[in-house]
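To keep things clear, I will list the structure first and then write my remarks on it.
The values are calculated or read from the model by the stated rules, or taken from the named source; none is laboratory data. Owing to the predicted nature of the structure, the values given are computational and were not obtained by experimental measurement. Positions of Cβ are generated from backbone atoms using ideal geometry, with glycine treated the same way; all protein chains shown enter the neighbour counts. Accessible surface is based on the protein model in full, side chains and every heavy atom, while ligands, DNA and RNA are left aside. Shrake-Rupley method; radii C 1.70, N 1.55, O 1.52, S 1.80 Å.
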Amino acid sequence: MSRSALDEVSSTGSFIRTPSTFRNFISKDLASQFPAVSGRYHLYVSYACPWASRCLAYLKLKGLDKAISYTVVKPKWERTKETDEHMGWVFSVSSTEESGAYPDPLNGARSIRELYELASSSYSGKYTVPVLWDKQLKTIVNNESAEIIRMFNTELNDIAENANLDLYPSHLQKVIDEVNEWVYDTINNGVYRCGFAKKQGPYDEAVAKLYDALDKCEEILSKQRYICGNDLTEADIRLFVTLIRFDEVYVVHFKCNKKLLREYPNLFNYTKDIYQIPGMSSSVNMEHIKKHYYGSHPSINPHGIIPIGSDIDYSASHDRDRFNS
């Protein structure tokens, strides 16, 4: 049984991510079990986690942050119970304990694990973020970020301030799905397959695929503003959350050091371009990102030293507006 990503390594030393388990949907059909009603839902996230961050980005981009409240956990994993050794996401005990992290306002839970146990007394999987919570039924609607962002894109437009923004338009869905597939396998999850590999062979394979994919992105972005054309789509948000962490964390911590993001002119400028979209930068907290990765994986970084990093200014000018969007 996997209780965190650190446990998901096969006998051959490869990292294999297990699927999410709560898979219900908020629907614009008000007669459904989880109707799209303002004020009913709450999103639990970590700034550190790329999967959770893309949900927070959607909340901001779609203008849903007034309709759906959210709480950010502490960046560094801690003990979730006195009775066992599990390390995971915990809440601050006060709003001043750690900058950017807060107590659970709904259930008074000490950890994300407690929310899973509230939702299901028999739950035995990982205690991951994001968690999309139903305040009325006091349960988890969904913990799969790929599905949460799709809900946020279409099902809540009646309560969204930016209802016209469609990041999964029908004419681009086939292209988006294809891009998502290889980007997820080789880049989003690829960096983890490099970092959590316990043998040389799986690492070598993962790092080769990662850099082939980054080279492919660089080539695509030399010809168009975004990864699926000249329109911003879901695929860009999904790619961005890995790119923004790349030089500060993955290069060092996950041994993805063949080439830095900032050595790719198009990818680097593209990352700045996405970061500067109104709402996106508020989903990025580099202090939380660094504290989490360097402080939560003792098998990789036993002393928890946080490298100084390069302190890149992603709000600096970029050249991506050379393409018509």
(message) Which count do you get for residues in segment 251-272 that are part of a helix (DSSP H, G or I) and either among the polar types (S, T, N, Q) or within 14 Å of the chain's Cα centre (by Cα) (or both)?
(response) 3
(message) Testing N164 on (1) open to solvent by 30 Å² or more (accessible area, probe 1.4 Å); (2) farther than 27 Å from P265 by Cβ; (3) in contact (Cβ under 8 Å) with a residue 12 or more places away in the chain, one condition comes back false. Which one is that?
(response) (3)
(request) Can you confirm whether segment 219-229 contains a residue that is over 22 Å from the mean Cα position of the chain (by Cα) and of a type in the set (S, T, Y)? (result) yes
(message) Give me the residue from segment 143-161 that is within 12 Å of the chain's Cα centre (by Cα) and of a type in the set (S, T, N, Q) and, out of that set, surrounded by the most Cβ atoms within 10 Å (Cβ to Cβ).
(response) N143
(message) Cβ contacts < 9 Å: first residue farther than 11 Å from F268 by Cα, restricted to segment 309-323; second residue part of a loop (DSSP other than H, G, I, E, B) and among the hydrophobic types (A, V, I, L, M, F, W, C), any location; separation 6+ or different chain. Result?
(response) S310/L260
(request) Please find, within segment 184-225, the residue that is surrounded by the fewest Cβ atoms within 10 Å (Cβ to Cβ) out of those that are under 15 Å from F246 (Cβ atoms), among the aliphatic types (A, V, I, L, M) and touching a helix residue (DSSP H, G or I) at 6+ places or on another chain (Cβ under 6 Å). (result) A213
(message) So S95 passes all but one of these: (1) under 29 Å from Y250 (Cα atoms); (2) hydroxyl-bearing (S, T, Y); (3) at pLDDT below 95. Which condition number does it fail?
(response) (1)
(request) For segment 99-111, indicate whether the set of residues that are part of a loop (DSSP other than H, G, I, E, B), on the phi > 0 side of the Ramachandran plot and surrounded by fewer than 18 Cβ atoms within 10 Å (Cβ to Cβ) is non-empty. (result) yes
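Restricting to segment 273-287, name every residue that is part of a helix (DSSP H, G or I) and in contact with a helix residue (DSSP H, G or I) (Cβ under 9 Å, 6 or more places away or on another chain).
D273, I274, Y275, S281, S282, S283, M286
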(request) Restricting attention to segment 167-183, report how many residues are closer than 21 Å to Y41 by Cβ and surrounded by 20 or more Cβ atoms within 10 Å (Cβ to Cβ). (result) 1
(message) Any residue that is surrounded by fewer than 24 Cβ atoms within 10 Å (Cβ to Cβ), closer than 24 Å to K291 by Cα and β-branched (V, I, T) - is there at least one of those in segment 54-71?
(response) yes
(request) Considering only residues that are assigned to a helix (DSSP H, G or I) and open to solvent by 60 Å² or more (accessible area, probe 1.4 Å), look in segment 288-323 and name the one that is farthest from E97 (Cα to Cα). (result) R322
